[in-house]
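First up is the structure itself, then whatever we jot down about it.
Every number in this text was worked out from the coordinates using simple rules, so none of it is lab data. Every value quoted in this text rests on a predicted model; they were computed, and no experiment measured them. As a convention, Cβ positions derive from the backbone with ideal geometry for all residues, glycine included, and neighbour counts pool all protein chains shown.
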Amino acid sequence: MKKYIPFIIIAILVCYVIFDFVSKESMLNTTIKNEAKTEQSIEQELVDELFDHTGEDLTETGHIESGQTLPEVEFAPGFELSDMNGVSVNLSDLKGKIVILNFWATWCPPCRDEMPHMQSFYEKKKDDGIEIIAVNLTNQDVGRQAIEQFVQDFGLTFPILLDEDGYVGTLYEVMTIPTSYILDEEGRIFQKVVGPMDEQILNDMVDSIRMYDEE
C-alpha cells in the first residue's frame, strides 16, 4: 500500500491543478460575459435615452419643426366632399387660411365634449383667416337625421362635410375620434391631435403657427 502513496499524492495534486485551472477559466468567461452584457446594457441605455429625448422633442416642438425648410414637411392630402346642403367643398380652396380639420361622429362622447369649444372658437376667429372643417365619418355614423340633430343641438355654424364612403377618413388614417389636423396657410400639416380639444388648445396652436411664420 505504501508504494501507491506517491501516486495517490500526485493524482491529488494533478486533480487540484486541473480543478483550479477550470475554475479560473470559468470565472474568466463569466467576467467576460458580464462585461459584454454591461457594455450592451450601457449601449442600450444610450440608445433608449436618445429615443426618449427625441420623443420629448417631438412632443414639445414637433408641430413647430414641421416648417417649410424641413424635409419631413407633409402637405395635407387633397379631397372634395359635400356639406349638409349638398354644396361641394374642396380643401385646396382654403389655401391661405389656417384650417382645423376635425373628424367626428355623433355617437362619440369626446366629440360632443369638444364641439362647444370649437363653435365658440369659430365664432371668435372665423373672420381672422381661420376655418374649421368638421368631417363627419358618415359611413360609421347612425344616419343623416342623427347628424342633422347633432348640428342643431350644438348650434354648429362651421362647415360639416359628409364622408359617406369613408374615403377621406381612410386617407387621413383616422383610427380614433375625434382626430384633428391643424393646417397652416400653405396647407401643410402643422399638428395632429388625437382626442378632444378645448378653446385654449385651439388658440395656442393658432398662435404657434403664426409665431413660427413670423420667424
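For the reader, a short list of remarks on this structure follows.
- Relative contact order for the stretch 80-214, counting Cα pairs under 8 Å that sit 6 or more residues apart, in percent: 33 percent
- GluC sites (Glu not before Pro) restricted to DSSP loop in the stretch 142-175 with at most 13 other C-beta within 10 Å: GLU173
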